[in-house]
Structure formats: structure tokens, C-alpha cells
């Protein structure tokens, strides 16, 4: 087959173009350290890279949910510890009141018990950010889920602590799959902390309020001591048992929170390990081997320079060459 000058020139230019493309691709990879810049470069590698990026984003979101959940439960655990200490102090006050020779008068002990009630209301309104941790899903209720107020019952004004939250669970999902509020819950509700709720109706306004046994019982003991002539037998037989039951309920709630925290801590360790694995796989899929790419670039540069030198000799002579 006859090889014409045009064919020689065409093949030379075509080879030069391919060489320049190779150099440009390697230079592009070295500039940002990535193997793929568009799907057409390597469709399979591009798909894997997108899949790894999605997995990383999802895992990061679950880790953020887990951090939020841990913060919520840490705050709950701290508040429950304070409430447990307050219950122990209330028991000491009642024991002191029923002793043969109380160091303080019943009125003074009543004031101390009243202060513990206010402290319990404050702990019940514990927040994390702008959310109340014991309010169920009504965690942004105005002024907190617990409020001490006077309610008129049967024409008699009485002291109550009302609950304005609900008994629903707050969930923060930390894994893929169906949403399970009881499994993914991070909160304990008002009834789990302060006991069963009783509905009280204000005989003047007709409004109904939910009240927790814990506060109702504490207020009753406080008012009995405030008379200066408390029923010591009732305090001994009923009051102490009510305080013990309330304390046991607080410990149970704290145990639930502690068990959930331990479970979430294990999940956090697993997520961190998973995140590291995904990042390593993404790096292996996307990142350039700098040393190899540098050598390839240098080899292609040498080939390109040699091709230029050869091309200068194979180009057909022109009129200028004959005029020299």
C-alpha cells in the first residue's frame, strides 16, 4: 500500500493529539488529586464515588442525631440525679418531723419542703437548647411543662403543680429502617418521672389540668407540716412510703436513661468505625497515586518531546526548504 505524505502527516498529528490528551488528563488529576472529574472518565468509578459520598453523608447525619440524643440523655440524667437528691432530702425532713425531739419546728420544716417542691419544678423544666426534656413532644411549651399555680376545687383555692406536656416519646433515629418511637426514644416523660397524672378541674374557670402524684403528695405533706400540728402517724405510715415510691420511680427512670446511653455509646463507636471505613474506600476509589501519576506524566512528556523531534524530520519539504 502506498503511503502518501498526507497519511504520514495525519498519523503524526493524530498521535500528537493523543499524547497531549494523556498529558492533559494526568495534569488534571495531579492538580486536585482526583482520578475522575466527569462520569465519562470512568463510569463505574464515578458511580462508586457517588455511592461512597452518599453513604458518608447518611452516616454523618446519623452521627449528628446520635450526638444530639446523647446530649439530651446526659441532660436528663443530670436532672434526674438532682431530683433524686431532692427526694432523699424530703425524706430526711419528714423523718426529722416525726422524731421525738425535732431540731426544727414543723413550720420551718414545711418551708424547707416547699423549697424542695420549687426545686423539683425547676428540674422538671430542664431544657436542652430551647426544648424541655420532660415535656414529651410538647417540648417547646411556653414557660415549661411544669407550673405551680392555685386551682379552685369545690370552691377552695388549692396549691398544685400542673403538667402542660404530653406523654409521647421523642425519637432520634440512628439507623436505617422503620421508625420505632419506643426503640429510638431519648426522653422520659412527665409521668415516668413524677408519677401518674390526675385530672383536676377548676370550679371557677372550668379548665382542666393534669397534676402529677409526686407534687400532689409533697404539697399535702408541706401543708400538713405548715399547720404546726401535723398528723405524724400519717406522715410516718403514708408520707414516707410515698417519698420512697417517688424515689424508686426516679431511679427507674434514671436507669432507663443510663441503659439507653450505654447502647447509644456503642452505636457511636460503631458509626465512627464505619465512617473511617467508608472514607478509606472513597479515598481508594477517588484519589490519585501521586507518585505513579508523576512518573506517568514525566514519561508522557518525554514521549511528546521525542515525537516533536521526530515530527520535525518526517514533515514533507516545502518550497522554503528548496529556497535555502
(message) If I take R0 = 56 Å and measure r between the Cβ atoms of residue 272 and residue 7 in this structure, what FRET efficiency does the formula 1/(1 + (r/R0)^6) give, to the nearest 0.05?
(response) 0.35
(message) Between 120, 246, 108, where does the largest GNM mean-square fluctuation fall for the chain, given springs only between Cα atoms within less than 10 Å?
(response) 108
(request) Work out how much length residue 53 to residue 156 would gain on full extension: take 0.36 nm times their residue separation and subtract the Cα-Cα distance, in nm to one decimal. (result) 30.5 nm
(message) For 164, 298, which order do you get if you count the other beta carbons within 10 Å of each Cβ and list the fewest first?
(response) 298, 164
(request) Report relative contact order for the range 119-228 in percent, whole number only (criteria: Cα-Cα under 8 Å, sequence separation at least 6). (result) 22 percent
(message) Can you tell me how the chain classifies by the Cα gyration tensor, rounded, prolate or oblate, using a/c under 1.5 as the rounded cut?
(response) prolate
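Over the range 53-280, what is the mean sequence separation of C-alpha contacts under 8 Å (at least six apart), divided by residue count, expressed as relative contact order in percent?
Averaging sequence separation for qualifying contacts and normalising by length gives 26 percent for the range 53-280.
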(message) I want to verify a result. In a Gaussian network model of the chain, Cα cutoff 10 Å, which of these has the top mean-square fluctuation: 228, 190, 124?
(response) 228
(request) Neighbouring Cβ atoms within 10 Å as the yardstick, rank 263, 110 fewest first. (result) 263, 110
(request) With a Förster radius of 56 Å, plug the Cβ-Cβ distance of residue 292 and residue 236 into 1/(1 + (r/R0)^6) and report the FRET value to the nearest 0.05. (result) 0.10
(message) Quick check on the exposure proxy: order 186, 170, 54, 193 from fewest to most C-beta atoms within 10 angstrom.
(response) 54, 170, 186, 193
(request) Please work out the C-alpha center-to-center distance from the range 74-147 to the range 275-296 and express it in whole Å. (result) 57 Å
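Taken together, the values in this text are just the output of simple stated rules run on the coordinates, not laboratory data. As the structure is a prediction and not an experimental result, all values here were calculated from the model. Every residue, glycine among them, receives a Cβ derived from its backbone with ideal geometry; neighbour counts consider all protein chains shown.
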